[in-house]
Structures are given as structure tokens and as C-alpha cells.
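The values are calculated or read from the model by the stated rules, or taken from the named source; none is laboratory data. Owing to the predicted nature of the structure, the values given are computational and were not obtained by experimental measurement. Every residue, glycine as well, gets a Cβ built from its backbone with ideal geometry; the counts of neighbours run over all protein chains shown. Only protein heavy atoms, including side chains, enter the accessible area calculation; ligands, DNA and RNA are left aside. Shrake-Rupley method; radii C 1.70, N 1.55, O 1.52, S 1.80 Å.
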Amino acid sequence: MALFSKSKNDKAWQAGNSLPKHVAIIMDGNGRWAKKRGLPRTAGHSAGAETFRKIATYCKDLGMDYLTVYAFSTENWKRPQEEVDAIMQLLEKYLLESIEKMERDGIRLKILGDTEPLSDKLKALIERTDKISSEINGFQANICLNYGGRDEIIKAARKYAQQVAEGRANDIDEKEFSSYMYSDGIPDPDLIIRPSGEIRTSNFLLWQSAYSEYYFTDVLWPDFDEAELDKALDAYSKRSRRYGGV
Ligand code: IPE
Ligand code: IPE
Ligand code: MG
């Protein structure tokens, strides 16, 4: 029917029920973005942090519940110390700035990952953001920091082993095992986006992605914008999620 015919730019997913509740993004391509401009890789990370701010606000405005981003993996410590230090400093700066704005913007922040090896300063900032987040409601942005899917599963397996020792081996189902993950209480991502042209997960949300839809694009993360997210949401809205059914 003509009335309902959709032009390419109609954001059908916005009005319908096909807007994902939870989008996850592997924020990749910062280094290549900088290199293309003759800038140091760290300039790419700064630009990438700005993109995160912009996209988080957009996701919130669209009415999503969760955005989860991959900011630093358990494997990223292999990078030159100078780059690791710059990323950690950027995270400190970002969290410090966010603490002031979280309440006003209504964005809850949660860090997912092994925080143990992080600096005392970062740990203290994470504690503060957790406290503020517990006092506000609404949209939540999860930042995966020193996060690895395998690391998370191993830690969950250790908790499982404790339960086995207590004689509960056969009681533990998928739901309880999920609660051993960093993502406890957060629904699995509906859509996982990877920019930068790489077609791999790089250890991101291995347990949680069992039935996630994937969307890959060549755009480098610092160039990713609202229109790019719209394209991913549009593609998602056309997928048929069957979860093994018919
Ligand atoms: C993603 O961008 C940021 C981190 C992994 C910390 P990269 O730094 O991996 O950028 P490329 O892949 O080298 O372009
Ligand atoms: C994945 O990107 C990790 C983050 C974006 C934080 P990488 O750049 O580390 O992944 P690989 O090395 O290309 O697989
Ligand atoms: Mg990369």
C-alpha cells in the first residue's frame, strides 16, 4: 500500500519494534584513521573517544537500553607501552569528564572487564562512576576495558567450580552461568557492529553473542557517525532472527 511504502531513508526501525535493545560495537580502526592523516596513532584514539560520545548519545536518543563498546582487550597490552599509556590516560580523562555529565545526560556507565591490573586512579574513577550509575535510571553504556571473552569464561568457570565443590554441579543452567559473566544482568547484544573492515570477533562477547546479529563495515571507527549507525540498524531490521526455530 502506497501509504506504507518505505523510501530508503525512512527509519522504519525507529517506529516499528525492530530497534535493537542492545547494540555492541568493536571500536576498531583508530590507528589506521590516524595513519591516513599522518598523525600519531594516539590521535586516532582521541578521535575514537569523541565518536563514542556521539554514538552513545545517539543510541540513548533513539531509545535503546544498552550500548556496549570494546575499548581495550586483554590482548591490547601487547602494544607499545607508549600507546597503552596513552589509551589509559584517555580513559581516565573520559571517565573524569563523564562523572560530571552522567547525571545531567542520564547515561549510566559500567566498566566490563578485569579491572585488577588497572591504575589506582582508574580504579577509583570506576568506583565513582559505579556509584553515580546506581543512583540514576535509564540508558546504560558499557565500556569493555581489559576485557577478553575467554578470560571472562575462565573466570565464570572458576565460580562454577566453587558451586561444584558445594554439590551444585547439576543445578547450574545457562541463566545462572550467564550471571557469572561481567555482563551479569545485561541482556545479550542483539546487534554487534565491527567497523574498520576486519571480519572477526577478536575475543569480544564470546558467550553473549550466541544469537547476536553481526554487521561489518569498512568505515574506520573515528569516521563512524549517526548515518553509519542508521545503516547498521536498517540492515538489522531486515534480518530474521530464528534462534534455531523455523
Ligand atoms: C581500536 O583501534 C582501538 C583499540 C584496539 C584500543 P586500533 O588501535 O586497533 O586501530 P587499528 O586497527 O590499528 O587501525
Ligand atoms: C579489537 O581490536 C579490540 C578493540 C577494539 C578494543 P584489535 O585491533 O585489538 O583487534 P585485532 O588485533 O585486529 O584482532
Ligand atoms: Mg585494530
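Segment 170-246: which GluC sites (Glu not before Pro) are DSSP loop and have at most 14 other beta-carbon atoms within 10 angstrom?
On the way: sites: Glu174, Glu176, Glu198, Glu213, Glu226, Glu228; in loops: Glu198.
Passing both the DSSP loop test and the Cβ count: Glu198.
Rounded to two decimals, the Cα radius of gyration of the chain over 2.2 N^0.38 Å is 1.06.
Output the relative contact order of the chain, whole-number percent, from Cα pairs under 8 angstrom with separation of 6+ residues.
28
Any idea what % of Cα-Cα pairs in segment 83-143 are farther than 19 Å? Pairs farther apart than 19 Å: 25 percent.
Using a probe of 1.4 Å on the protein chains alone, the accessible area found for Leu90 is around 40 Å². Computed on segment 1-138, with alpha-carbon pairs under 8 angstrom and 6+ residues apart, the relative contact order is 21 percent. Partner lysines whose Cα lies under 22 Å from the Cα of Lys155, excluding those fewer than 8 positions away in the same chain, are identified as Lys78, Lys110, Lys123, Lys175.
If you run the Gaussian network model on the chain, springs between alpha carbon atoms under 10 Å, then out of Glu50, Glu103, Glu116 the most flexible one is Glu116. Accessible area ranking (1.4 Å probe, heavy atoms, ligands and nucleic acids excluded), largest first, for Lys21, Lys238, Lys175: Lys175, Lys238, Lys21. Spin-label model, Asp171 to Ser18: label points 7 Å out along the Cα-to-beta-carbon direction sit 4.4 nm apart.
Highest-first packing order for the peptide set 216-225, 121-130 is 216-225, 121-130, based on the mean count of other beta carbon atoms within 10 Å. What would the Debye equation give as log₁₀ I(q)/I(0) for segment 102-197 at q = 0.22 Å⁻¹, counting only Cα atoms as equal point scatterers? Normalising to I(0) and taking log10 leaves -1.20. Here segment 38-178 exposes an accessible surface that is 49 percent carbon and sulfur, computed with a 1.4 Å probe and the other protein chains kept in place. Pairwise Cα separations in segment 1-141 fall into 5 Å bins from 0 onward with the following percentages, short to long: 2, 8, 16, 19, 18, 13, 10, 6, 4, 2, 1, 0, 0.
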